[in-house]
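Take a look at the structure set out below.
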Amino acid sequence: MEHAQPRACKLVKKAGFGPFLDALWNEQWDRQALFALTELWWDTTNTFHFSFGEMTMTPKDFTMIIGLSLKGKRLEYYEQANMDQNYIVALLGVEAELNPKGVRRTWLYNTFAIVEESEGTDP
């Protein structure tokens, strides 16, 4: 994880994603195979299109490949989340600066970019 900032590395490792990110940044990966798979992916159907037909990855496949299980309550998609100030306050704890498209990215960065060191951030 040498590509990430040290503070971010601590948080990622504490969350249990360290080995996953290490694998992503591994220089041993076959870049040609990754690019080929990228070309075969159709985001409209979330499937790979091979000569023998379509193939997708199930949550069980994902779990087996990366070693992270999918547990807990399912996240619901809320289309207006970026425009609903009450929803934003409930999630973030503060009112956000909104523009016509939703929460301003500069506001997000300025508000949350600095993660204060605390007892809870050490791995």
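Among the numbered criteria (1) modelled with pLDDT of 75 or more; (2) of a type outside the set (D, E, K, R); (3) over 25 Å from residue 69 (Cα atoms), which one does residue 38 miss?
Result: residue 38 passes all but (3).
Would it be correct to say that residue 104 is basic (Lys, Arg) and surrounded by 13 or more Cβ atoms within 10 Å (Cβ to Cβ)?
Numbers: basic (Lys, Arg): yes; surrounded by 13 or more Cβ atoms within 10 Å (Cβ to Cβ): yes.
Considered against the rule, which asks whether it is basic (Lys, Arg) and surrounded by 13 or more Cβ atoms within 10 Å (Cβ to Cβ), residue 104 comes out as yes.
Are any residues in segment 55-106 closer than 28 Å to residue 37 by Cα, assigned to a loop (DSSP other than H, G, I, E, B) and among the hydroxyl-bearing types (Ser, Thr, Tyr), and if so, which ones?
56, 58, 69, 77 - these are the residues of segment 55-106 that are closer than 28 Å to residue 37 by Cα, assigned to a loop (DSSP other than H, G, I, E, B) and among the hydroxyl-bearing types (Ser, Thr, Tyr).
Specify the residue that is surrounded by the most Cβ atoms within 10 Å (Cβ to Cβ); the eligible residues are those in segment 44-54 that are closer than 20 Å to residue 33 by Cα and not hydrophobic (A, V, I, L, M, F, W, C).
To start, the set of residues in segment 44-54 that are closer than 20 Å to residue 33 by Cα comprises 46-54.
Now restrict to residues that are not hydrophobic (A, V, I, L, M, F, W, C): 46-47, 49, 51, 53-54.
Numbers: 46: 10, 47: 15, 49: 13, 51: 5, 53: 8, 54: 12.
So the residue we want is 47.
The values are calculated or read from the model by the stated rules, or taken from the named source; none is laboratory data. Keep in mind that this is a model prediction, so the values were computed, not measured. Virtual Cβ from ideal backbone geometry, glycine too; neighbours counted across all protein chains shown.
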